[in-house]
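Notes follow the structure.
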Amino acid sequence: MNIWVVMILGGLITFGMRFSFIYLFGKYHIPETLRKALHYVPPAVLSALVFPELFLKNGMLDLSLGNYHLMAGLVAVAVAWFTKNTLITILAGMIALFLFRFFVQGI
């Protein structure tokens with residue numbers, strides 16, 4: 001099958017699922033319990049994506065000072081705590097990771 005057909009069909013299916021949910025969300029009454037539960041979905045998904053990268057190294061738990069991802073994550077948490085700004089937090093975490101790797105590890 002042609003790769004373009006697969007990409008277009010995948011895009012249409014993804015768009016259809018998301019659009020139908022958004023369209024139906026305004027048409028039907030959503031129970032308050034479900035609304036409250038949906039509020040926690042983005043932090044849960046973000047945690048599931050970020051935590052393994054921070055805490056696991058080669059499939060093993062690594063809480064040492066040699067885990068540069070964890071150290072940069074702690075810097076990002078501190079910046080987030082004080083600034084409450086997402087963009088500054090992301091930039092601080094990226095810069096901290098670069099600096100830890102460059103000066104400590106010597107890339």
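Summary table
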item: Residue 107 vs. criteria of a type in the set (Val, Ile, Thr), loosely packed, with under 10 Cβ neighbours inside 10 Å, touching a helix residue (DSSP H, G or I) at 6+ places or on another chain (Cβ under 8 Å) and modelled with pLDDT under 95; result: yes
item: From the options 32, 53, residue that is open to solvent by 100 Å² or more (accessible area, probe 1.4 Å), closer than 24 Å to residue 98 by Cβ and modelled with pLDDT under 90; result: 53
item: Positions within region 62-84 being closer than 18 Å to residue 43 by Cα and either open to solvent by 60 Å² or more (accessible area, probe 1.4 Å) or among the basic types (Lys, Arg) (or both), in sequence order; result: 74, 77, 81, 84
item: Which numbered condition residue 64 misses (of (1) closer than 30 Å to residue 94 by Cβ; (2) within 22 Å of the chain's Cα centre (by Cα)); result: (2)
item: Condition broken by residue 39, with the remaining ones in (1) open to solvent by 70 Å² or more (accessible area, probe 1.4 Å); (2) over 23 Å from the mean Cα position of the chain (by Cα) satisfied; result: (2)
item: Flag if residue 72 is over 17 Å from the mean Cα position of the chain (by Cα), assigned to a helix (DSSP H, G or I) and within 30 Å of residue 96 (Cα to Cα); result: no
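The values are calculated or read from the model by the stated rules, or taken from the named source; none is laboratory data. Being a predicted model, the structure only gives us computed values, none of them experimental. We place every Cβ from the backbone using ideal geometry, glycine too, and count neighbours over all the protein chains shown. Just so you know, the surface numbers come from the protein's heavy atoms only, side chains and all, with ligands and any DNA or RNA stripped out. Shrake-Rupley method; radii C 1.70, N 1.55, O 1.52, S 1.80 Å.
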